[in-house]
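Since the structure comes first, as structure tokens, the remarks are kept for the end.
The values are calculated or read from the model by the stated rules, or taken from the named source; none is laboratory data. Since the structure is predicted, the reported quantities are computational estimates derived from the model, not experimental observations. With ideal geometry, Cβ positions are generated from the backbone for all residues, glycine too; neighbour counts draw on all protein chains shown. Keep in mind that these areas ignore ligands, DNA and RNA; they rest on the heavy atoms of the full protein, side chains included. Shrake-Rupley method; radii C 1.70, N 1.55, O 1.52, S 1.80 Å.
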Amino acid sequence: MKKIGSLILMMLALSSFSLFAKQAVYNTGDDYDIELRYEDNPCPGDPLFVKMIINQAGKKNKVSKQEFIETKARLQLYAAGKVARTADFYLLQKANQSQLVMLAGVPLSSWWTKDTPCSLKVIYSLYGKKNMEFELPLTLKNKDFVSETIELNPTNTSIKTDTSTKRMEQINKLNGILGTINPAAVYQTERFMAPTSATRRTSFFADRRVYKYTNGKTSTSLHYGIDYGVPTGTQVNACAAGKVVLAETRVTTGWSVVIEHLPGLYSLYYHMSELKVKEGDMVKPGDLIGLSGATGLATGPHLHWEMRLNSEAVSPDAFVDSDFAFAGNK
């Protein structure tokens, strides 16, 4: 097996592939070649996916399918010279003896700026043997986020400051779900859709919020999703295919649904008035999962929709505005 001989970087002439805007081809001699696709100029708060295609290029040293699928890989995201995020690659489609198609995704912090130095490193062990690695360039775009102050009434102050065992158990349960990465959970491989046809937004992803309580105290936090200002009873639809992993009422978020779409990738829907699915259900894009409302900590009827990648909130718009083309981009 020869070492990596050359690196060719070229821009894809495919405007819809914004999450895979750059293609990198690594020539590795007679045994195999590696092709990578990723967005090299994302925004803070975006999900960053790297698609890796490994082909056995020659017949002389071709290994068996079993040996080939022993290939492992990990993605590391560096920020300011330190490893900030890591994720293992998983199979995107059924492997064969000649090709492996793998994917890994990491969240970009919405606190970072265009001046935050970032880069990627891919570490792989072909056939489960010696580790090799290479780096990919990455530059963040500038993105401005909204700042707002929200005055809470006595009811919402009570919810926001609730430290009861019930609320803590609900938080721990949700965190456990969002921290689960099941390599076999590959349900959606195409562009996502918005969960409602409504376009009026009352809050945006990563808004910087200051909450004012009735007791005079304040707290600050990020808004993890998008709020759609819709009347109670508006249909809420699944943004992509997946498995319902949570469907219950919660102290803070009211009637809530969480759907698993890819390993470590989940969509969340909060404050509904009624649920139309239960845990364990499989859904398709556009399936009815509930009706909007104002349950939990809400100042009025709306739908809160967010996306979590490896537990961290990422921009929902990145999934709707971009064509992932996980299983068929050229």
| task | Provide the per-residue ³J(HN,Hα) series for region 277-284, in order, calculated from phi with Karplus coefficients 6.51, -1.76, 1.60 and θ = phi - 60°, each as a whole number of Hz, with x at glycine and proline positions. | result | 9, 9, 4, x, 5, 9, 10, 10
| task | For Ser64 and Asp88, calculate 0.36 nm times their separation in residues minus their Cα-Cα distance, and state this gained length in nm to one decimal. | result | 6.4 nm
| For the Cα atoms of the chain, what angle does the longest principal axis make with the long axis of helix 165-178, in degrees from 0 to 90, nearest 10? | 20 degrees
| field | Proximal charge balance of Arg208 [Cβ under 11 Å; K/R count +1, D/E count -1] | value | -2
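Would you mind computing Rg(Cα) / (2.2 N^0.38 Å) for the chain, counting N as its residues?
Rounded to two decimals, the normalised Rg is 1.08.
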| message | Here is the link list: Lys72/Lys143; Lys51/Lys243; Lys82/Lys114; Lys141/Lys217; Lys51/Lys130; Lys62/Lys94. Which ones come out longer than 26 Å on Cα distance? | response | Lys72/Lys143; Lys141/Lys217
| said: So with the 1.4 Å probe, I'd like the accessible area per residue for region 192-246, rounded to whole Å². | reply: 44 Å²
| Amide proton proximity set for Thr202, modelled H, under 5 Å, gap of 5+ | Asp227, Tyr228, Gly229
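Run the accessible area of the chain with a 1.4 Å probe and give the carbon-and-sulfur part as a rounded percent.
50 percent
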| task | List every residue whose amide H lies under 5 Å from the amide H of Leu136, counting only residues 5 or more places away in sequence or on a different chain, with H placed 1.01 Å from N in the peptide plane. | result | Leu120, Lys121, Val122
| Residue separation times 0.36 nm, minus the C-alpha to C-alpha distance between Met168 and Asn41: what's the value? | 41.9 nm
| remark: If R0 = 35 Å, then Lys143 and Thr249, at their Cβ-Cβ distance, give a FRET efficiency to the nearest 0.05 of 0.55
